[in-house]
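Here is the structure we will look at, set down as structure tokens.
The values are calculated or read from the model by the stated rules, or taken from the named source; none is laboratory data. Every value quoted in this text rests on a predicted model; they were computed, and no experiment measured them. Positions of Cβ are backbone-derived with ideal geometry, glycine not excepted, and every protein chain shown enters the neighbour counts. In case anyone asks, the SASA skips ligands and DNA or RNA and just uses the protein heavy atoms, side chains included. Shrake-Rupley method; radii C 1.70, N 1.55, O 1.52, S 1.80 Å.
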Amino acid sequence: MYVNYYIIVALSTTMRVLLFGIAKDIAGAATITTTAVADVAALKEWLYEQYPALRELRSLMIAVNKVYANDEQALLPGDEIAVIPPVSGG
Amino acid sequence: MYVNYYIIVALSTTMRVLLFGIAKDIAGAATITTTAVADVAALKEWLYEQYPALRELRSLMIAVNKVYANDEQALLPGDEIAVIPPVSGG
Amino acid sequence: MRYDRQLKLEGFGPAKQELLHNAAILVIGAGGLGVPVLQYLTAMGVGKIGIVEHDTISITNLQRQVLYHTAEQGQSKLFSAIKRLQQLNPEVQFMPHDTWLSPENALDIFTPYDVIVDCSDNFGTRYLVNDACVLLNKPFVYGAIHKYEGQVSVFNYKGSATYRCLFPEPPAPGTMQNCSDIGVLGVLPGIIGTYQANEVVKIICGIGEPLANQLLTIDTLNNIHQVFQFKPVRQPISQLMEEYDIPCDTGGVKPLSVQELHQWLEAGKEVQLIDVREPDEWEICKLPQAIFIPMRMVGGMLPQLRKDIPTAVLCHHGMRSMMIAQQLDAAGFPKVYNVTGGIHAWAYDIDEQMNTY
Amino acid sequence: MRYDRQLKLEGFGPAKQELLHNAAILVIGAGGLGVPVLQYLTAMGVGKIGIVEHDTISITNLQRQVLYHTAEQGQSKLFSAIKRLQQLNPEVQFMPHDTWLSPENALDIFTPYDVIVDCSDNFGTRYLVNDACVLLNKPFVYGAIHKYEGQVSVFNYKGSATYRCLFPEPPAPGTMQNCSDIGVLGVLPGIIGTYQANEVVKIICGIGEPLANQLLTIDTLNNIHQVFQFKPVRQPISQLMEEYDIPCDTGGVKPLSVQELHQWLEAGKEVQLIDVREPDEWEICKLPQAIFIPMRMVGGMLPQLRKDIPTAVLCHHGMRSMMIAQQLDAAGFPKVYNVTGGIHAWAYDIDEQMNTY
């Protein structure tokens, strides 16, 4: 048995966001950097402002550390954020 | 930009080993626990002693933290160890 | 003898083969995803396979729909597929549903099946499949593709989350997600479809861990696989919606081919050509007549743009420019055009000396 | 028109399609892995495809080799495959190599091709493919399967590591890796083969990141994907070995069916039946005549075992017991038998009341 203690020291004022599917196309990049935002709702607001076309997707899944996140979820520096739009191709 | 500092405190005297392919069949488990061993050579020796059939495979790839490891590589508590035998099915 | 390799397989064997034999699976769509799903479920010995398909075989299908023959263009996909699958395994019983799925027929069609496999190619059908599966309490195996990426999941399985738990409603009418044909690498639906077939087998046979409450994303260019966890957010459905089709009316935006644009520019026609790419793209290649306004700057520049002449929007392949063209159209610009295929098409069809990327 | 969806695809387009058209790909084996590789490379428009295959179609192939028809049993896989693939895409040129790959023919066969795709099913061929690719400086795309797991990699690509950098030499002659038929789920080679086809396209077209110096492992039961990194360990090869076949002589170990074992036990034949499973398995079901010695204890128990009567070794499916049977045979035990299919087969074929797991 072993135990890991992680001490995360945040020097960060920005956040890295991974984009999937058409969100990647709209932003023109697979990864973007945001100013630090407090929660998922604020992140979405920032995204919609930067890339108005994202709003047209209507449903935009945000995952934090590989788990689906509600609008209320707080974001911390170092969180792994993913933006996953719906995909319809077949 | 952000920086993570990890401080890993080892309380461990055993190690967890993931088995793939026929190594899993030979051991009868996908994960086994070894006594702590110093390096990859010692790990292989332990494996061959526990499961003599593994020696017949002749080439047994050991990966530590997702990277191929030579016999000389030291093992630390918390390392993610994988045993990957050759596979021939098609 | 046919299933010898599965009968011998540790963790499978005769009991699991019997479960496959007793199963009835419905596959929605016999296209890019449906073909590999059908091929492998047929080969492995599912007892009864239903197929919903009403399309005919087109030459543009054949780059990814490997079941069909070039000589079969114009023929029914449904019956060509069944003919071919029967040649592979005559022990399987096939049920043809020669129709498009609709709110009128979905519940009746789904009722006799144990698992629904969604291999459709549009949001309307995907939401209809979801809602019908929720109403009938049937699991459905989801796969979808976009360019070089795929998604796989299992919805509504033993109370697990549904498609609407992830994506409550479809993209807006007229958006490119619904309406543009953005292309696909032929092998991608092969990868995603085989994963779907695998999930079906896992559900039917009770082996392994199906992707319930998990979304697998696959980036085939970089071999990055991620699994995202989520939970059911139950929103009760009491009946299907009346309409699932999402109109593709793109407002006043008209397509403009690079050939037409070329003629306009040669003829000196007055047009406001806006290139919405990023600065590093602009460095590589540009049209001298274009105004350079990166996509994210367009909103702030609207007052400076002319509304008295036609506007054509250009990007790399015609996707970002479609977004901006729609924005301009909505903002009241008259005669907004989107340059189809973007500067990439220009480089190939008009100016072969142009740098490409 | 045929390749419209690829021509439209951002990052692909006419230039990449032309690279596919100009490429010559050799596929070793038209079996479980080879079929999806061939189907998708053909559909996507590779210019020239060579196939090395000398086997005939067997009914047991059809659970995973979805290209063939039940009516074609006994016919040449090679020519059936080419006939079917030509119906899919007559624009592709197919080169039949109606032979088994050998040290005598490998270099000549490989020379005209740009990429070699290893879809073989045995270690001898895999090491031969590796060595020939190293000698000729050609990349090869590797795929291999075991039960519910697969491996994919790209070897010898622009100086990257080779198969022997990972696995310097093949398993010993007679080991089960070479010689037992352990079964496979039909859809697994479909998943791995489509990944291989994707890697071929990435190499030919220069898109994405091919799996050079990376081994992708896929666990299809639990959807666990891992990528392991490694580096070239150059061991110069100046010529092929004389012989690559790995003999399957399993010493004195003979197979024993559960039917035969049943007859022996009914008849009271004197036999030392050793069950080498683990205690929790023994709890679930057992044969009353068996001696229980978990696998890892057998080595220490050898002096207590009888050498004057035949020994039969039993486990769950016949794999662990084969290992032990070989160990006993090597230790000088006479008349060593391995119970084929293990206690699982017994439960299905002899005693339907027995608990299974």
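Exactly one of these conditions fails for residue C:76: (1) out of contact with any Gly (no Cβ under 9 Å at 6 or more places or on another chain); (2) within 14 Å of chain D (Cβ to nearest Cβ). Give me its number.
So the condition that residue C:76 fails would be (2).
Scan region C:7-42 for residues that are more than 10 Å from chain D (Cβ to nearest Cβ) and not hydrophobic (A, V, I, L, M, F, W, C) and jot them down.
Of everything in region C:7-42, those that are more than 10 Å from chain D (Cβ to nearest Cβ) and not hydrophobic (A, V, I, L, M, F, W, C) turn out to be C:18, C:21, C:22, C:29, C:31, C:34.
For region D:189-211, give me each residue that is closer than 12 Å to residue D:154 by Cα and either touching a Gly at 6+ places or on another chain (Cβ under 8 Å) or of a type in the set (Phe, Trp, Tyr) (or both).
Matches in region D:189-211: D:195, D:196, D:197, D:202.
For the condition out of contact with any helix residue (DSSP H, G or I) (no Cβ under 6 Å at 6 or more places or on another chain) and open to solvent by less than 10 Å² (accessible area, probe 1.4 Å), what is the one hit in C:50, C:74, C:143, C:45?
C:50
Sort through D:149, D:169 and tell me the only one that's closer than 28 Å to residue B:54 by Cα, over 14 Å from the mean Cα position of the chain (by Cα) and among the charged types (D, E, K, R).
Sole residue among the options that is closer than 28 Å to residue B:54 by Cα, over 14 Å from the mean Cα position of the chain (by Cα) and among the charged types (D, E, K, R): D:169.
Output the residues belonging to region D:316-340 that are among the polar types (S, T, N, Q) and over 20 Å from residue D:258 (Cα atoms).
D:327
Out of the strands (runs of 3 or more DSSP E) lying entirely within region B:26-90, which hold 1 or more residues that are over 30 Å from residue D:61 (Cβ atoms) and free of Cβ contacts under 8 Å to residues at least 60 places away in the same chain?
B:31-35, B:61-64
Among the residues of region D:23-32, are any farther than 30 Å from residue D:147 by Cα and touching a helix residue (DSSP H, G or I) at 6+ places or on another chain (Cβ under 9 Å)?
Checked against the condition, which is being farther than 30 Å from residue D:147 by Cα and touching a helix residue (DSSP H, G or I) at 6+ places or on another chain (Cβ under 9 Å), region D:23-32 yields at least one hit.
With respect to residue C:298, is the statement that it is aliphatic (A, V, I, L, M) and closer than 20 Å to residue A:54 by Cβ true? Give the derivation first.
Details: aliphatic (A, V, I, L, M): yes; closer than 20 Å to residue A:54 by Cβ: yes.
Answer is yes for this residue.
Restricting attention to region D:203-226, which residues are open to solvent by less than 30 Å² (accessible area, probe 1.4 Å), facing chain C (nearest Cβ under 7 Å) and either more than 21 Å from the chain's Cα centre (by Cα) or in contact (Cβ under 8 Å) with a residue 60 or more places away in the chain (or both)?
Correct list: D:207, D:216, D:220.
Those residues that are more than 7 Å from every other protein chain (Cβ to nearest Cβ) and modelled with pLDDT of 95 or more, I need them from region D:166-188; list them, please.
Answer for region D:166-188, where residues must be more than 7 Å from every other protein chain (Cβ to nearest Cβ) and modelled with pLDDT of 95 or more: just D:188.
Could you grab the pairs with beta carbons closer than 6 Å, sequence gap of 6+ or different chains, first residue in region D:235-248 and under 14 Å from residue D:129 (Cα atoms), second one among the β-branched types (Val, Ile, Thr)?
D:237/D:134
Can you tell me which residue within region D:103-140, out of those that are of a type in the set (Asp, Glu) and open to solvent by 30 Å² or more (accessible area, probe 1.4 Å), is farthest from residue D:161 (Cα to Cα)?
Within region D:103-140, the match that is farthest from residue D:161 (Cα to Cα) is D:104.
Among (1) modelled with pLDDT under 90; (2) within 14 Å of chain B (Cβ to nearest Cβ); (3) under 27 Å from residue C:145 (Cβ atoms), there is one condition residue A:4 misses while meeting the rest; what is its number?
Among (1) modelled with pLDDT under 90; (2) within 14 Å of chain B (Cβ to nearest Cβ); (3) under 27 Å from residue C:145 (Cβ atoms), the lone unmet condition for residue A:4 is (3).
For region C:268-307, how many residues are farther than 23 Å from residue C:334 by Cα, of a type in the set (D, E, K, R) and not in a helix (DSSP H, G or I)?
Of the residues in that region, 2 qualify.
May I ask you to list the residues in region B:37-60 that are open to solvent by 60 Å² or more (accessible area, probe 1.4 Å), of a type outside the set (Asp, Glu) and more than 9 Å from chain D (Cβ to nearest Cβ)?
Scanning region B:37-60 gives a single hit, B:38.
Of the residues in region A:61-86, how many are more than 16 Å from residue A:32 (Cβ to Cβ), buried (at least 16 other Cβ atoms within 10 Å of the Cβ) and at the interface with chain C (Cβ under 8 Å from one of its Cβ atoms)?
Number satisfying all stated conditions: 3.
For region D:256-267, give me each residue that is assigned to a loop (DSSP other than H, G, I, E, B) and open to solvent by 50 Å² or more (accessible area, probe 1.4 Å).
Initial filter on region D:256-267 (assigned to a loop (DSSP other than H, G, I, E, B)): D:257, D:267.
If the condition is that a residue be assigned to a loop (DSSP other than H, G, I, E, B) and open to solvent by 50 Å² or more (accessible area, probe 1.4 Å), then D:267 is the only one that fits.
Please determine whether any residue of region D:155-164 is open to solvent by less than 10 Å² (accessible area, probe 1.4 Å) and at the interface with another protein chain (Cβ under 9 Å from one of its Cβ atoms).
Looking through region D:155-164, at least one residue is open to solvent by less than 10 Å² (accessible area, probe 1.4 Å) and at the interface with another protein chain (Cβ under 9 Å from one of its Cβ atoms).
Assuming residue D:289 fulfils every condition listed in (1) open to solvent by less than 90 Å² (accessible area, probe 1.4 Å); (2) in the same structural domain as residue D:311 (by the TED database) apart from one, which condition is it?
(1)
Can you work out which of the residues in region D:41-64 that are of a type in the set (S, T, N, Q) and in contact (Cβ under 8 Å) with a residue 40 or more places away in the chain is farthest from residue D:121 (Cα to Cα)?
So the first thing to find is which residues in region D:41-64 are of a type in the set (S, T, N, Q), and the list is D:42, D:56, D:58, D:60-61, D:63.
Still in the running and in contact (Cβ under 8 Å) with a residue 40 or more places away in the chain: D:42, D:63.
Values: D:42: 22, D:63: 16 Å.
Among residues in region D:41-64 that are of a type in the set (S, T, N, Q) and in contact (Cβ under 8 Å) with a residue 40 or more places away in the chain, the one farthest from residue D:121 (Cα to Cα) is D:42.
Test residue D:237 against the criterion of being touching a helix residue (DSSP H, G or I) at 6+ places or on another chain (Cβ under 7 Å), outside the structural domain of residue D:33 (by the TED database) and part of a loop (DSSP other than H, G, I, E, B), and give yes or no.
Yes.
Checking residue D:329 against (1) surrounded by fewer than 23 Cβ atoms within 10 Å (Cβ to Cβ); (2) in contact with a helix residue (DSSP H, G or I) (Cβ under 7 Å, 6 or more places away or on another chain); (3) not aliphatic (A, V, I, L, M), which test does it fail?
Looking at each condition in turn, residue D:329 falls short on (2).
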